[in-house]
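Enquirer: Structure incoming, see below.
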Amino acid sequence: MKIPMVVFSFIVAILLDIRAQDEGFHELEPEIIDRRTLAEQHYDKKGYTVVSGDLSGLEFAYKKLLVLDSAYIPLNASFATPDAVDFYFEPEAVLKVDGRFRAAGTQSNPINFSLVPGFDLLYNAQVTSKVWQGIYVGEQGSLVLNHAAIREAANGIIARGVCDSLELTHVHFENIDDTPLHIDGQAVEAKPLSDYSLECATPQKASRKEPIQRKRRLMSNTLFGVAAGLAVTGILLDIFAFSADEQVRSATSREDARHYKDNAQLLNQAGNAALIASGACFVPAVVLRIPLGTNK
């Protein structure tokens, strides 16, 4: 007798269910899944090359880079992009520059730093942000951008160093949540959607007389110190001379009295000489503190 196919399938399902109950189901463990592997597979199909971590040794054979989490240029390392390379970032990703980073595009083909388009994004349930974090330049880092665009970021560029650590020419900021440009803790006006170039204040050139003035101040300080030392010495010698003179009155013999008197005169003369020398040092010390004329 032939067994109908429906009945056969029902029997097989019951047997499989009994076996699963005996042996237990194998639970999936999402935490052990390597997301980078999934991301590389996903973005490779979209035409991106996934990068993260240290970029200083990266070799270019591609035009679209996708940054996962964070990418950085370490201290004393450098990184330069060829033309027509674009950087895309997953939400909350960041580019950190502690070394030297240089990216130069052209007027017709600027280099883009942007959020990965939504239709290309690999879904991540743990990330709710819709922007990447921006470019962070360390205190000793250096960032050079020429014909570049920074888009859809929480911050554009945050530099902890001085203005001279940045060279920005023809940079375009668009859809930045916060101020596009921060330098040394201060927001710098960089209008969105404009062709922006950074101009740092030129430090004032030091006067040619400034080194001479520094030497004069050093000499003055030295003379002030010598004058003070001589003045203290003179005062102490005068005190000793006064003490010796008092001993003349209490001497028990003429010879002792003459001895004390000679000592008192000698100490008094030495004290006066020290005070005169102190004054001789004090006068030029004051003169050397007078600034030189402003004429170069």
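The values are calculated or read from the model by the stated rules, or taken from the named source; none is laboratory data. Small disclaimer: the values here were computed from a predicted structure and weren't measured. Heads up, the Cβs are rebuilt from the backbone with ideal geometry, glycines too, and the neighbour counts pull from every protein chain shown.
Enquirer: Across region 77-94, what is the number of residues that are modelled with pLDDT of 90 or more and in a loop (DSSP other than H, G, I, E, B)?
Expert: Number satisfying all stated conditions: 5.
Enquirer: Considering only residues of region 198-218 that are closer than 25 Å to A149 by Cβ and surrounded by 13 or more Cβ atoms within 10 Å (Cβ to Cβ), which is modelled with the lowest pLDDT? Spell out how you get there, then give the answer.
Expert: So in region 198-218, the residues closer than 25 Å to A149 by Cβ come out as 198-200.
If we keep only those that are surrounded by 13 or more Cβ atoms within 10 Å (Cβ to Cβ) too, we end up with 198, 200.
On the way: L198: 89, C200: 80.
Within region 198-218, the match that is modelled with the lowest pLDDT is C200.
Enquirer: Another question, then. Which numbered condition trips up E199, out of (1) assigned to a strand (DSSP E or B); (2) within 21 Å of the chain's Cα centre (by Cα); (3) closer than 22 Å to Q107 by Cα?
Expert: In the conditions (1) assigned to a strand (DSSP E or B); (2) within 21 Å of the chain's Cα centre (by Cα); (3) closer than 22 Å to Q107 by Cα, E199 misses (1) alone.
Enquirer: Would a scan of region 165-179 turn up a residue that is hydrophobic (A, V, I, L, M, F, W, C) and under 21 Å from L68 (Cα atoms)?
Expert: Just the residues of region 165-179 that are hydrophobic (A, V, I, L, M, F, W, C), to begin with: 166, 168, 171, 173, 176.
Remaining after also requiring under 21 Å from L68 (Cα atoms): 176.
Yes - at least one qualifying residue is present in region 165-179.
Enquirer: Condition first: within 19 Å of H170 (Cβ to Cβ) and either touching a His at 6+ places or on another chain (Cβ under 7 Å) or assigned to a strand (DSSP E or B) (or both). Now tell me which residues in region 104-126 satisfy that. Before the answer, list the steps.
Expert: First, pick out the residues of region 104-126 that are within 19 Å of H170 (Cβ to Cβ): 104-114.
Passing the criteria: A104, G105, T106, Q107, P110, I111, N112, F113, S114.
Enquirer: Given the structure, is V97 modelled with pLDDT of 90 or more and among the hydrophobic types (A, V, I, L, M, F, W, C)?
Expert: Numbers: modelled with pLDDT of 90 or more: yes; among the hydrophobic types (A, V, I, L, M, F, W, C): yes.
Against the criterion (modelled with pLDDT of 90 or more and among the hydrophobic types (A, V, I, L, M, F, W, C)), V97 qualifies.
Enquirer: Among the numbered criteria (1) without any contact (Cβ under 8 Å) to a residue 40 or more places away in the chain; (2) farther than 22 Å from A84 by Cβ, which one does E152 miss?
Expert: E152 satisfies every listed condition except (2).
Enquirer: Assigned to a loop (DSSP other than H, G, I, E, B) and farther than 25 Å from T169 by Cα: does that describe L68?
Expert: Against the criterion (assigned to a loop (DSSP other than H, G, I, E, B) and farther than 25 Å from T169 by Cα), L68 does not qualify.
Enquirer: Just one of the numbered conditions (1) modelled with pLDDT under 95; (2) assigned to a strand (DSSP E or B) is not true of S129; which one?
Expert: Condition not satisfied by S129: (2).
Enquirer: If I go through region 142-195 residue by residue, how many of them are surrounded by fewer than 17 Cβ atoms within 10 Å (Cβ to Cβ), hydroxyl-bearing (S, T, Y) and modelled with pLDDT of 90 or more?
Expert: Number of matching residues: 1.
Enquirer: Quick one: in region 41-87, of everything that is within 19 Å of the chain's Cα centre (by Cα) and among the polar types (S, T, N, Q), which residue is nearest to Q107 (Cα to Cα)?
Expert: Within region 41-87, the match that is nearest to Q107 (Cα to Cα) is S78.
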